[in-house]
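One structure is given below, encoded as structure tokens.
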Amino acid sequence: MKGISGQPRNPEIAWPTGLVPGKAYVHAHNEMLIPAKAELCWAWLCRASLWPTWYSNCGWFKFDTTAGPDLMPDTSFTWQAFHTPVHSTVRRFDPPLHLEWDAYTFGTCAYHGWLFVPQGNQCLVITEETQTGLVPFFFRWYLPGMLQRGHQTWLEGLRTVTARGRLPE
């Protein structure tokens with residue numbers, strides 16, 4: 001299924017009203033086949049306190065509702081993404097297949113979904129994000145490409161840390 005942007009849209013993501021691809025101003029879709037099991041990919045993504053060590057677009061990370069170190073259902077957290085402070089809450093947590101959170105920052109409301117599709121000893125990791133608000137409205141010509149590049153960097157970082165073959169410490 002494709003959104004208005006012409007990009008694939010994964011119907012397994014529980015898109016909130018107003019943030020459905022094709023209705024939101026910005027939509028980015030990335031996917032990568034990672035040579036690691038879904039459980040390992042999941043563990044590294046959920047160990048969000050380590051994002052700044054392997055995802056260059058995350059400057060810092062702080063748990064708001066738990067001590068961490070992992071994302072859990074309904075976890076709220078504040079982090080710096082693309083040099084901007086963002087407040088997020090985990091909205092879907094189905095290990096090791098689905099992880100979704102909302103995101104709020106000045107002039108932007110976003111929703112970010114992750115899907116992990118096991119394929120033997122590999123995992124197809126799919127990530128999608130939509131955005132609405134004043135900033136996405138005025139920069140809808142620029143933000144999709146920026147998000148796709150940023151999410152590609154995130155997937156490449158995930159591939160790198162899972163290549164070590166061990167769980168995060």
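Using R0 = 25 Å, the C-beta based FRET efficiency linking D74 and L134 works out to 0.35. Shown in residue order for the range 92-99 are the 3J(HN,Hα) couplings computed by the Karplus curve 6.51 cos²θ - 1.76 cosθ + 1.60 at θ = phi - 60°: 9, 9, 10, x, x, 10, 9, 9 Hz (x for Gly and Pro). For Cα Rg over 2.2 N^0.38 Å, the value calculated from this model appears in (i) 0.97; (ii) 1.34; (iii) 1.62 under label (i).
The range 45-116 and the range 13-44 have Cα centres spaced 13 Å apart. Rounded to the nearest whole Hz, the Karplus-based 3J(HN,Hα) values (6.51 cos²θ - 1.76 cosθ + 1.60, θ = phi - 60°) of the range 157-169 follow the sequence x, 4, 4, 5, 6, 6, 5, 5, x, 9, 6, x, 9, with x at glycine and proline. The calculated 222 nm mean residue ellipticity attributable to helices in the chain amounts to -6500 deg cm²/dmol, summing -39500 (n - 2.57) over DSSP H runs of n ≥ 4 and dividing by all residues. Computed from backbone phi, the HN-Hα couplings of the range 65-81 come to 10, 9, 7, x, x, 10, 5, 9, x, 6, 5, 9, 8, 10, 8, 9, 10 Hz, rounded to whole numbers (Karplus: 6.51 cos²θ - 1.76 cosθ + 1.60, θ = phi - 60°; Gly and Pro given as x). Between amide H atoms placed 1.01 Å from N, distances below 5 Å from I34 occur with C123, L124, V125, all of them 5 or more places distant or on a separate chain. When the Cα positions of V90, G165, A24 are compared along the charge dipole of the chain, A24 comes out farthest toward the positive end, with charges on each C-beta of Lys, Arg, Asp and Glu.
Where a number appears in this text, it was derived from the coordinates with a stated rule and is not lab data. Just so we're clear, the structure is a prediction, and the values are computed from it rather than from any experiment. Neighbour counts run over all protein chains shown; Cβ positions are idealised from the backbone, glycine included.
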